[in-house]
Amino acid sequence: MTLTEKIISLYPELNVLDFIKPDRTIVLQNDGAGDYIAKWEHPTFPRPTDEELA
Amino acid sequence: MASIITATVASGLTQSADNSGVLQLASGTGNLVTVPSVTGTAMVSGNMPAFSAFGNVSYSITTGVDTKVRFETERFDTANCFDSTTNYRFTPNVAGYYQINYIGRFQATSPTIAYVMLYKNGSMYIVGNQIMGIASGTNFDLPASDLVYMNGTTDYLEVYINVGGTSILVNDNGTTTFVSSFSGYLARAA
């Protein structure tokens, strides 16, 4: 399961566009060493813990 | 009128002076260059970095993730400022304003939207281009360009892409013409 899928499984109200659209509050990033959360400023949902994403 | 320093075959270096406050240099007869009355760095080919690189090895990325585009092949890199092996980034060694051009090439199954972005020093600098309504399974190019100030020491640029869809592939295997590309040159020194 990808990082995007894991986050959406935790918060089904989110969809992939929430990680792409220009006014996004969540930025997922990959610099070459794997996907990670680069920014999490969602007004409602707390940032998932490492355990939740494991 | 001007004060003129001239290199000649017959007499070597000659000079003539007046009180115009204008300085001209000449190689031979009639080849005058007026030195601008401004403060700055003279730009010649040797101190104007230029590079061009492309990526033609495809790799999978995750939907919804800003992912760095890889450019493994250099067409040229005049000042050895582009890293085509590890970080795929441009770190110019002369401060100034750089014209930057880039293309993100990708394909996906059921793509919804795609962005190509320029990152400066690890953070998004600008969304260069976006597209919606893309055909499934078809290679697509997202071109963009910008003029960016770089400090000539630590500033660096990278290209990222983010695609909505499944089975996303960035770059196009094998071709040297339909490629993701990244190029730039110093347009004006600082």
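We did not get these values from a lab; they are worked out from the coordinates using the rules stated. Quick caveat, the model's predicted, so the values are computed rather than measured. Cβ placement follows ideal geometry from the backbone for every residue including glycine, while neighbour counts extend to all protein chains displayed.
Details
- Computed over region B:105-159, the percent of Cα pairs more than 20 Å apart is 35.
- Out of every Cα-Cα pair that chain A contains, those further apart than 13 angstrom amount to 59 percent.
- Taking the charge dipole of region B:1-137 about its Cα centre, with +1 at Lys and Arg Cβ atoms and -1 at Asp and Glu Cβ atoms, the residue from B:A2, B:G46, B:I134 reaching farthest to the positive side is B:I134.
- Taking only the alpha carbons of region B:81-131, we obtain Rg and Dmax values of 13.5, 43 Å in that order.
- Taking the Cα centre of the protein assembly as shown as origin and assigning +1 to Lys and Arg Cβ atoms and -1 to Asp and Glu Cβ atoms, the resulting dipole is close to 520 debye.
- Its relative contact order, with pairs defined as Cα atoms under 8 Å and 6+ residues apart, puts chain B at 27 percent.
- Percent antiparallel among DSSP beta bridges (both partners in chain B, rounded to 5): 95
- Its residue count N fixes a reference of 2.2 N^0.38 Å for the protein assembly as shown, and the Cα radius of gyration divided by that reference is 1.38.
- Distance histogram in 10 Å bins (all Cα pairs of region B:29-74, percent per bin): 17, 24, 20, 15, 16, 7, 1
- Considering only B:L25, B:G12, A:I37, the residue lying farthest towards the positive end of the dipole of the protein assembly as shown is B:G12, judged by Cα position with unit charges set on Cβ.
- Computed about its Cα centre, the charge dipole of region B:68-141 is approximately 140 debye, with only Lys, Arg, Asp and Glu carrying charge at their Cβ.
- The shape of region B:11-87 can be summarised by an equivalent ellipsoid whose semi-axes, obtained from the alpha carbon gyration tensor, come to 50, 15, 8 Å from longest to shortest.
- Share of pairwise Cα separations in chain B, more than 26 Å, in percent: 46
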